[in-house]
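Everything on this sheet refers to the single structure shown next.
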């Protein structure tokens, strides 16, 4: 139980650090680290074959393939850092702290049938979802937005650990595949944005003409 | 008997931490570096010199170094060290602990303003800004410790009760230790926040405030800051390595090894990181704040 708590807290911690970080390379590395810890969580919750497959699948997809894809993408469109976020870093962090508070408040009110695993699992899952959401709305660069989306998905994955025993493996694999395809499509979109506008900022998409 | 022993330990060992930090930095830079005892030589050298006072300063300027040293030594009275109990614990001394550093900082800022130099005034304003951000985090950590142990005496808050909650709330310790480490770096003006080695830059914070002090006074300030590093570091060691019911000797050895590892880690941080831009420092402290806040939420969530 201690290790599960430690893993959950470090996932939230890495989310906070991602919020306050402005270098894309470090952000991707932090995301990979977060996903690595995440991939260990199923093994701690319900050790078994099912969890093993899920853990290995998550590891390959989120720790190996996706970061590689991101590194390739930032090399390709040659951007290094998020120059001007919509909300400044300090305010994002403060908002992040506020949202984590909200997440803990919500999950304390939530009436869950099964609280057996760890009473930190649900609040931490909500917090990571909130952090990902905040990352998604507060940044302009397409790649940071994709990472925000993936951090959010990490939170949903955590939440799904509650139902690990009851969900068929096929569904989970389907979800992982969906995300992979989604990120692939987004990677192509980023590539197109950068080809059209010489930058990967989504602000350009507001205008009707290029 | 306890009080002189406590004070002598603090006075004898505190400059050693600076020496270890210096050696670590030199090792990373590939140099031989100053000897391990260099801070002692520096302090002795400064104590042998006479002081020069500007005619525009008043008694505040001369009182500041003494008050700083006295505050740091008094705060060490509240802090258990390894097997040694704190000599003067009382209910609610945790506020005094934080307040003593507030007092030291207040008189340093006054002394800096007392010189009438705009340069020192700038440093004073920076010191005030960053330390008030750091203090919030410090108090959040204190609240977490108080909630975990249900005590308000510093030496009991870091004692046996805390070590028993390691197993139930290990994650909280991680958050608390992380945020307190950032406070430690800020309070002691170490690298990501302030560079203690620069003396001629417009970006420095703490060093700029002591520019006009010389000789004996400067020695006291240097000594006082090492004592502060020692006592605040001892708090972190007490949190991460809580004392238990073993013999005093083992606990003392553990404590000193812990302090040396802490000094090493600070040296490593200073070698790997550059000083942050001034407008990024509040962001660092904001991270520390959010960490402490999450820790507090976890403790409240667990209902401990």
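A short reminder: the numbers here are calculations on the coordinates, not readings from a lab. What you are looking at is a predicted structure, and each value in this text was computed from that prediction instead of being measured. Virtual Cβ from ideal backbone geometry, glycine too; neighbours counted across all protein chains shown.
Things to note:
- Principal axis dimensions, the protein assembly as shown - Cα atoms, whole angstrom, descending: 77, 57, 43
- Where labels lie 7 Å past Cα in the beta-carbon direction, separation of residue B:7 and residue B:48 in nm: 2.5 nm
- Cα-based convex hull volume of region B:187-304 per residue, rounded to whole Å³: 142 Å³
- Intensity falloff of region B:21-136 expressed as log10 I(q)/I(0), Debye formula with alpha-carbon point scatterers, at q = 0.12, 0.17, 0.19 Å⁻¹: -0.68, -1.13, -1.16
- Residues considered: A:168, A:67, A:123. Largest GNM mean-square fluctuation over chain A, using C-alpha springs under 10 Å, is found at A:168.
- For region A:11-60, the normalised intensity computed at q = 0.13, 0.14 Å⁻¹ comes to -0.35, -0.40 (log10 of I(q)/I(0), Debye sum over alpha carbons, equal scatterers, no solvent).
- Summarising the label geometry, the points placed 7 Å from Cα in the beta-carbon direction at residue A:29 and residue B:31 lie 2.6 nm from one another.
- In nm, spacing of pseudo-spin labels at residue B:260 and residue A:180 (7 Å Cα→C-beta vector): 5.1 nm
- Between region B:54-71 and region B:222-287, the alpha-carbon centres lie 28 Å apart.
- Under Stokes-Einstein, with the Kirkwood radius over Cα pairs as Rh, the value for region B:2-302 at 37 °C and 0.692 mPa s is 166 µm²/s.
- Taking 1.567 mPa s as the viscosity and 4 °C as the temperature, the Stokes-Einstein diffusion coefficient of region B:205-259 based on its alpha-carbon Kirkwood radius rounds to 97 µm²/s.
- At 0.692 mPa s and 37 °C, Stokes D of chain A from Kirkwood alpha-carbon radius, µm² per second: 186 µm²/s
- Label reach from residue A:205 (point 7 Å along Cα→C-beta): in region A:163-182, amide nitrogens under 14 Å belong to A:182.
- Within a Gaussian network of chain B (alpha carbon springs, distance under 10 Å), most fluctuating of B:274, B:111, B:64: B:274
- Per-pair calculated FRET efficiency, R0 = 41 Å: residue B:197 and residue A:69 via Cβ, rounded to 0.05: 0.45
- The value of relative contact order for chain A, using C-alpha pairs under 8 Å at least six residues apart, is 24 percent.
- When chain A is treated as a GNM with alpha-carbon contacts under 10 Å, the residue of A:147, A:193, A:11 showing the greatest mean-square fluctuation is A:193.
- Note: relative contact order over region B:2-302, using C-alpha pairs below 8 Å and six or more positions apart, is 31 percent.
- Rounded if a/c under 1.5, otherwise prolate or oblate - region B:101-240, Cα gyration tensor axes: prolate
- Pairwise centroid distance, computed over Cα atoms, of region B:121-187 with region A:175-191, Å: 42 Å
- Taking other C-beta atoms within 10 angstrom as a stand-in for reagent exposure, A:76, B:167, B:206 fall in the order B:167, A:76, B:206, fewest first.
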